[in-house]
Amino acid sequence: MTKESKRDRLRQMGALNPRPDVVRAPWFREAGFFDPLDLVQVKYEMLRHARQDGTNKADAAALFGLSRQTYYQAEAAFERDGIVGLLPRTRGPKSAHKLTGEVMRLVEQHLDANGELQARSLAELVQTRLGVSVHPRSIERAVARKKKER
C-alpha cells in the first residue's frame, strides 16, 4: 500500500500552493514547521505578518508571493470564518439553480413528441414565458440527468 504524501493531500484538497518558489519569507525557506506548499499556511502567515509585525499589506502579499487582491480576499475570509475561511472553495454555482421545477416542467412539456431536444428554442421559450435566462447547454444537461434517473 502506497502512503499518500502531504503534497498529494494538499493537491486533493485544492490547497497546494501552485507557486511555492515565490514565497520569500525566510522562515518558509528553512526546513521545518513552515511549508511553502501549504497555501492555507502561507495565507495565514501573510495575514499574521501584516497584523502582528506591522508590515503593510502590499509588502506582506509580495513577501508571500501573493497579490494584494489575494491578501484582501484572505483577510475578509479570515475575518468572516476564521482559519476555515482560508480553505479553498469551489467556484460558481453548486447546482443548476435556474432550473427550478417550474422551468423543468415547461421544458418537459415542450420536448418534441419523440423526445428530441431543441435546447436553443427551449431556452428562448423559458426566457419568453418565465423571464429566466438559461443557457441551452444547461437544459441539455438537465434533460440528460432526468433520463438517467429513469
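The values are calculated or read from the model by the stated rules, or taken from the named source; none is laboratory data. Keep in mind that this is a model prediction, so the values were computed, not measured. For neighbour counting, all protein chains shown are included, and Cβ atoms are generated from backbone atoms with ideal geometry for every residue, glycine included. Heavy atoms of the whole protein, side chains included, go into the accessibility calculation; ligands, DNA and RNA do not. Shrake-Rupley method; radii C 1.70, N 1.55, O 1.52, S 1.80 Å.
Run the reach check for LYS148 against lysines, Cα to Cα strictly under 21 Å, same-chain hits fewer than 8 apart removed. What comes back?
Leaving aside lysines fewer than 8 places away in the same chain, those within reach of LYS148 are LYS94, LYS98.
If R₀ is 41 angstrom, what is the calculated FRET efficiency for the pair THR100 and TRP27, using the beta carbon separation as r and rounding to 0.05?
0.20
Over the chain, average the accessible area per residue using a 1.4 Å probe and give it in Å², no decimals. Kindly include the intermediate steps, with their values, before the conclusion.
Values: 10430 Å² over 150 residues.
Computed with neighbouring chains in place, this is 70 Å² per residue.
If you take the Cα atoms of segment 22-150, find Rg, then find the Kirkwood Rh from the mean of 1/r over all pairs, what is Rg/Rh? Can you show the working numbers first?
Numbers: Rg = 24.0 Å, Rh = 18.4 Å.
Here the Rg-to-Rh quotient is 1.30.
Could you tell me the calculated FRET efficiency between LYS57 and ASP8, based on Cβ-Cβ distance and R0 = 30 angstrom, to the nearest 0.05? Intermediate values should be presented prior to the final figure.
On the way: r = 32 Å, r/R0 = 1.08.
Result of the calculation: an efficiency of 0.40.
Counting only helical runs of four or more DSSP H residues, what would the 222 nm mean residue ellipticity of the chain come to if each run contributes -39,500 (n - 2.57) and the total is spread over all its residues? Don't jump to the answer; show the numbers that get you there.
Values: 8 runs with 83 residues, N = 150.
Only helices count here, giving -16500 deg cm²/dmol.
Under a straight-distance cross-link criterion of Cα-Cα below 22 Å, which lysines are reachable from LYS6, leaving out those fewer than 8 residues away in the same chain?
Within the straight-line cut-off, LYS6 pairs with LYS43.
Quick check: at a probe of 1.4 Å, how many percent of the accessible area of segment 41-150 sits on carbon and sulfur atoms? Could you put the intermediate results ahead of the total?
Details: 3520 of 7350 Å².
Ligands and nucleic acids excluded, carbon and sulfur give 48 percent.
Would you mind working out the magnitude of the charge dipole of the chain relative to its Cα centre, with +1 at each Lys and Arg C-beta and -1 at each Asp and Glu C-beta, to the nearest 20 Debye?
Working: 28 positive and 19 negative charges, 67 e Å.
Result for the chain is approximately 320 debye, rounded to the nearest 20.
Mind listing the long-range amide H neighbours of ASP38? Cut-off is under 5 Å, sequence gap 5 or more, other chains count too, H placed in the peptide plane at 1.01 Å from N.
Answer set, sorted by chain and number: ASN17.
Assuming 0.36 nm per residue, please report the length gained on full extension of the stretch ARG141 to ARG89 beyond their Cα-Cα distance. Show your work: numbers first, answer last.
Numbers: separation 52, 0.36 × 52 = 18.72 nm, distance 2.34 nm.
Contour length minus Cα-Cα distance gives 16.4 nm.
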